[in-house]
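Chemist: I have a structure here, written as structure tokens, and I will follow up with some questions on it.
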Amino acid sequence: MRLRLLILGAIVAVAVLGATGYVVYSSHRATPAPTSSVATTNVASVVGVPHLVFRDTALGSGYGQIAMVPLSDPSGPRATVPHSCDRLDSKAGLTLCLHANRGLVTTYSVDYLSPQWTVLHTVPLPGLPSRGRVSSDGTLTATTTFVYGDSYNNPGQFSTRTVVAHPDGSTVADIESFRLLVDGRPNTAADRNLWGVTFGSDDDTFYATAATGGKTYLVKGTLSGRTLTALRTDVECPSLSPDGTRIAFKRHGDLAHGQWHLAVYDLTTGKETLLAENRSVDDQVVWLDDHTIIYGIPARTSSGAASSDVWAVPADGSGTPKILVPDAWSPAVVRP
Amino acid sequence: MYVSVRDRPGSATDTDPARPVGRVAATVFLLGVVSLLTDVSSEMVNAVLPLYLTATMGMGLIAYGFVDGLYQGVSGLVRIAGGYLGDLRAQPKWIATLGYGLSAVTRLAMLPAHGFAAITGVVTADRLGKGLRTAPRDALIADATDPAMLGRAFGVHRTLDTVGAAIGPVLAFALLWAVPGGYSSIWVVSFAFAVVGVAVLVLFVPNRRTAPAANRVSGRELVRAMVGRNMRRPLVAAALLGLLTVGDGFLYLALERRDNFAAQWFPLLYVGTNVAYLILAVPLGRLADRFGRARVLVGGHVVLVLVYLSGALPAIGPLWTVVTLALLGTFYAATDGVLPALISPLVPAAARGTGIAAAQTVQVFARFASSVAFGGLWVAMGPRNGLFLVAGLLAAALPVAAWLVWPADRAARSAS
């Protein structure tokens, strides 16, 4: 009996020591490595030249943080800032950073960051952050969040809140309260949702998506007039080109539920062109310049972890998509 | 937790206050300790598996449904075999050791397992071990115990078992907190607990004291215990209800999708359900004895419909998840052990183990099908609509299930 107790004691000791040792070892290994898995550079060398600001999805110490690369070498070394975002936009020195604060109860907030990457203001968000845009002169921001944690993959079953605000965090308007005109007639349906704001250059005009009665519309609105006018159906997450003549968007068409195709709508000629990207894209695209669209596509690394890449495709429907920035998400173009 | 297929029920004397209160045999207590350690080991892994497979390994929902179904169903393949082998050579201890040892080894096998085939192999081996050891272990408990105290003995064993099942997820949570994303730590610690459990079993638990009992049952009686006339309706009811039971893993994944809390809190969902179960198990068991097991079984499934609805509806606040867990624990408390208790009076005493194994086998196979199907539903229509659909189907199936089990319950009550 004594012998058996001794044997048990020995087994317990080995088990406890072995397990504890392994846990300690793996907790040290889990500490983020001082370097990322991709080449890095410093911020100062990038901010002075035209560059892309994006969410870094490369495995390693920079995962989820703000990163930037110069436009001259977008797949090259990136500079990271130790601030995490799920979605971001950056214009004229103002960076909008939407993120989740994950805990027992997850909350969401948006940070307004200065050109030095310090937090100017933090405003809580009512739900899952979806879209964020800064106007070209950095004086207006727009954020879309999903309330009830639902996604718009189920039309008619979610609720959005889209708020236009100043850089100091004060609200300019909740555009869901604007008057909506469809076919010239006011639409007062309770089920309407608005998302994906893109600003015009006059700080008053903007475009967005409105959904009501199971249909989605491109709407054009003005902050001063507090009115939205539906222009076209089946246009989601519009993005206005730098020259203000075209809207890039995702089009549902006849595709299966939850799938979209990228297209460009010319505001002057009324012509709609499908882009050469054949995969489904669920993103509010960004204009790299007047000829190129960039967007994020989710990917998986070889070890199975979730990642994404930023791709580029010509805006006139020609060419083929190419990876612009690997291991990136939510790009923004900054031309100082 | 999948509690329903773990244990034998207590006998009818379980709740009789006039019975002499004695101590259970040391063997029973030791087996309880073995089960406690093993449950800490297996529930640690079980509590993180849904999120690990879908979020960290990137497994799709249909593939996860298949793995979840395997987890629930594979043990059904060997339960009857395990009991029979243990009986055959009067060596239940070594069959049980084989089962426990096999499961222990699979914990370590999780470390190198990356990929669908490897995970499937690991889950299958683990659950084969589980199926193999349950009946011989129960036989050891029964052999070591005075027949008048059987209910109490199984009750003590179940309590230790459930304590282990409650500790496991808490330990997993603590490890994920200390080592974010540290799933490999969980596998290693789980292996350590399993090894100590096997050591206690091998070193201290005596093998069966007496030769197999003289009151053998004939082969025909055994077959009748499995598929005889008395059994058919309850078995169909078990299959029907099992088919409409969405596994815990999927339910918790749906909650995580809705509320988007951080991964380290996921194991606590299992703890929440366990706590509700622990509080309500004895009261609802007593209720079943007094008001009829069929009523409580059906009532428990009504609660399950509420669980699906509360998982599918938008959360009203952070406490909404707690409500879901409390309801799920209530479901388990109301139905765990009630099906075997319903079956027991229908078969001769010596064939009881076979009858219960048959009912549990039907149940786990039905749940295998249910897991695979729900994975498909999730992909086709999303978790919320999937839960709504299953809730509706279950609500429609309840009158049928009630009609199926009512005669069995009435027969039992008139016989007692």
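The values are calculated or read from the model by the stated rules, or taken from the named source; none is laboratory data. All of these numbers come straight from a predicted model, not from anything done at the bench. We place every Cβ from the backbone using ideal geometry, glycine too, and count neighbours over all the protein chains shown.
Chemist: Would you pick out the residues in segment B:47-106 that are modelled with pLDDT under 80 and within 14 Å of another protein chain (Cβ to nearest Cβ)?
Modeler: B:55, B:56, B:57, B:58, B:59, B:60
Chemist: Working only within segment B:246-282, note down all residues that are modelled with pLDDT under 80 and away from every other protein chain (no Cβ under 12 Å).
Modeler: Across segment B:246-282, the qualifying residues are B:281, B:282.
Chemist: Select from segment A:99-138 the residues that are crowded, with 19+ Cβ neighbours inside 10 Å and assigned to a loop (DSSP other than H, G, I, E, B) and list them in ascending order.
Modeler: Those that are crowded, with 19+ Cβ neighbours inside 10 Å and assigned to a loop (DSSP other than H, G, I, E, B): A:127, A:135.
Chemist: Restrict the check to segment B:162-183 and report whether at least one residue is assigned to a helix (DSSP H, G or I), among the polar types (S, T, N, Q) and within 11 Å of another protein chain (Cβ to nearest Cβ). Break it down into steps so the answer makes sense when it comes.
Modeler: Quick first cut of segment B:162-183, residues assigned to a helix (DSSP H, G or I) only: B:162-178, B:183.
Add one more test, that the residue is among the polar types (S, T, N, Q), and what stays is B:162.
Restricting the remaining residues to those that are within 11 Å of another protein chain (Cβ to nearest Cβ) gives none.
No, segment B:162-183 has no match at all.
Chemist: Looking only at segment B:378-412, filter to residues that are aromatic (Phe, Trp, Tyr) and in contact with a Leu (Cβ under 8 Å, 6 or more places away or on another chain); which one of those is nearest to the other protein chains (Cβ to nearest Cβ)?
Modeler: Taking segment B:378-412 and keeping what is aromatic (Phe, Trp, Tyr), we get B:378, B:388, B:403, B:406.
Then drop every residue that is not in contact with a Leu (Cβ under 8 Å, 6 or more places away or on another chain), which leaves B:378, B:388.
Values: B:378: 13, B:388: 11 Å.
Out of the qualifying residues, it is B:388.
Chemist: When you go through (1) away from chain B (no Cβ under 14 Å); (2) under 19 Å from the mean Cα position of the chain (by Cα); (3) surrounded by fewer than 22 Cβ atoms within 10 Å (Cβ to Cβ); (4) touching a residue at least 24 places away in the same chain (Cβ under 8 Å) one by one for residue A:69, which number turns out not to apply?
Modeler: Against the list (1) away from chain B (no Cβ under 14 Å); (2) under 19 Å from the mean Cα position of the chain (by Cα); (3) surrounded by fewer than 22 Cβ atoms within 10 Å (Cβ to Cβ); (4) touching a residue at least 24 places away in the same chain (Cβ under 8 Å), residue A:69 comes up short only on (3).
Chemist: Quick one: is residue A:106 within 22 Å of residue B:256 (Cβ to Cβ) and touching a helix residue (DSSP H, G or I) at 6+ places or on another chain (Cβ under 9 Å)?
Modeler: On the way: within 22 Å of residue B:256 (Cβ to Cβ): yes; touching a helix residue (DSSP H, G or I) at 6+ places or on another chain (Cβ under 9 Å): yes.
When the stated conditions are applied, residue A:106 passes them.
Chemist: Here is a further query. Residue under question is residue B:377, and the condition is that it be surrounded by fewer than 24 Cβ atoms within 10 Å (Cβ to Cβ), among the aliphatic types (A, V, I, L, M) and either modelled with pLDDT of 90 or more or part of a helix (DSSP H, G or I) (or both); does it hold?
Modeler: Values: surrounded by fewer than 24 Cβ atoms within 10 Å (Cβ to Cβ): yes; among the aliphatic types (A, V, I, L, M): yes; either modelled with pLDDT of 90 or more or part of a helix (DSSP H, G or I) (or both): yes.
Yes.
Chemist: Does residue A:26 satisfy the condition of being under 30 Å from residue B:171 (Cβ atoms), surrounded by 16 or more Cβ atoms within 10 Å (Cβ to Cβ), away from every other protein chain (no Cβ under 13 Å) and in contact with a Gly (Cβ under 6 Å, 6 or more places away or on another chain)? Quick ask: steps written out before the conclusion?
Modeler: Details: under 30 Å from residue B:171 (Cβ atoms): yes; surrounded by 16 or more Cβ atoms within 10 Å (Cβ to Cβ): yes; away from every other protein chain (no Cβ under 13 Å): no; in contact with a Gly (Cβ under 6 Å, 6 or more places away or on another chain): yes.
It is false that residue A:26 is under 30 Å from residue B:171 (Cβ atoms), surrounded by 16 or more Cβ atoms within 10 Å (Cβ to Cβ), away from every other protein chain (no Cβ under 13 Å) and in contact with a Gly (Cβ under 6 Å, 6 or more places away or on another chain).
Chemist: So is residue B:142 aliphatic (A, V, I, L, M) and either at pLDDT 85 or above or crowded, with 23+ Cβ neighbours inside 10 Å (or both) or not? First the steps, then the outcome.
Modeler: On the way: aliphatic (A, V, I, L, M): yes; either at pLDDT 85 or above or crowded, with 23+ Cβ neighbours inside 10 Å (or both): no.
No: the conditions fail for residue B:142.
Chemist: Answer yes or no: is there a residue in segment B:145-153 that is at pLDDT below 90 and not in a helix (DSSP H, G or I).
Modeler: yes
Chemist: State which residue pairs qualify: first residue in contact (Cβ under 8 Å) with a residue 60 or more places away in the chain and outside any helix (DSSP H, G or I) and inside segment B:103-125, second residue buried (at least 16 other Cβ atoms within 10 Å of the Cβ) and among the small types (Gly, Ala, Ser) in any location, beta carbons under 7 Å apart, and separation of 6 or more residues or different chains.
Modeler: What qualifies is B:111/B:184.
Chemist: All but one of (1) modelled with pLDDT of 90 or more; (2) touching a His at 6+ places or on another chain (Cβ under 7 Å) hold for residue A:165, so report the exception by its number.
Modeler: With respect to (1) modelled with pLDDT of 90 or more; (2) touching a His at 6+ places or on another chain (Cβ under 7 Å), residue A:165 is out only on (2).
Chemist: Okay, moving on. Report whether or not residue A:102 is within 14 Å of chain B (Cβ to nearest Cβ) and either aromatic (Phe, Trp, Tyr) or at negative phi (or both). Outline the logic, then answer.
Modeler: Working: within 14 Å of chain B (Cβ to nearest Cβ): yes; either aromatic (Phe, Trp, Tyr) or at negative phi (or both): yes.
Taking the combined requirement at face value, the residue satisfies it.
Chemist: Oh, and also: Scan (1) away from chain A (no Cβ under 14 Å); (2) more than 23 Å from residue B:69 (Cβ to Cβ); (3) at pLDDT 90 or above for the single condition residue B:239 breaks and write down its number.
Modeler: Every condition holds for residue B:239 apart from (2).
Conditions (1) at negative phi; (2) in contact with a Ser or Thr (Cβ under 8 Å, 6 or more places away or on another chain); (3) aromatic (Phe, Trp, Tyr), marked per residue:
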position	(1), (2), (3)
A:54	yes, yes, yes
A:65	yes, yes, no
A:75	yes, no, no
A:79	yes, yes, no
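Chemist: Separate question: Given segment B:246-345, what helices (runs of 4 or more DSSP H) lie entirely inside it while holding 2 or more residues that are in contact with a strand residue (DSSP E or B) (Cβ under 9 Å, 6 or more places away or on another chain) and among the aromatic types (Phe, Trp, Tyr)?
Modeler: Values: elements: B:248-259, B:266-291, B:293-312, B:320-335, B:338-343.
In segment B:246-345, there are no helices (runs of 4 or more DSSP H) which contain 2 or more residues that are in contact with a strand residue (DSSP E or B) (Cβ under 9 Å, 6 or more places away or on another chain) and among the aromatic types (Phe, Trp, Tyr).
Chemist: Of everything in segment B:316-334 that's among the aliphatic types (A, V, I, L, M), under 27 Å from residue B:241 (Cβ atoms) and surrounded by fewer than 24 Cβ atoms within 10 Å (Cβ to Cβ), which residue is farthest from the other protein chains (Cβ to nearest Cβ)? Before the answer, list the steps.
Modeler: Of segment B:316-334, the ones among the aliphatic types (A, V, I, L, M) are B:316, B:319, B:322-323, B:325-328, B:333-334.
Subset that is under 27 Å from residue B:241 (Cβ atoms): B:322-323, B:325-328, B:333-334.
In the following step, the residues that additionally are surrounded by fewer than 24 Cβ atoms within 10 Å (Cβ to Cβ) were identified as B:322-323, B:326-327.
Details: B:322: 11, B:323: 15, B:326: 17, B:327: 20 Å.
So the residue we want is B:327.
Chemist: Quick one: which of A:46, A:38 is at pLDDT below 90, part of a helix (DSSP H, G or I) and either more than 9 Å from every other protein chain (Cβ to nearest Cβ) or loosely packed, with under 11 Cβ neighbours inside 10 Å (or both)?
Modeler: Details: A:38 fails: part of a helix (DSSP H, G or I).
Residue meeting the stated conditions: A:46.
Chemist: With respect to residue A:75, is the statement that it is surrounded by 11 or more Cβ atoms within 10 Å (Cβ to Cβ), part of a loop (DSSP other than H, G, I, E, B) and either away from chain B (no Cβ under 14 Å) or of a type in the set (A, V, I, L, M, F, W, C) (or both) true? Even if it seems obvious, please write down each step before you answer.
Modeler: On the way: surrounded by 11 or more Cβ atoms within 10 Å (Cβ to Cβ): yes; part of a loop (DSSP other than H, G, I, E, B): yes; either away from chain B (no Cβ under 14 Å) or of a type in the set (A, V, I, L, M, F, W, C) (or both): yes.
Criteria met by residue A:75.
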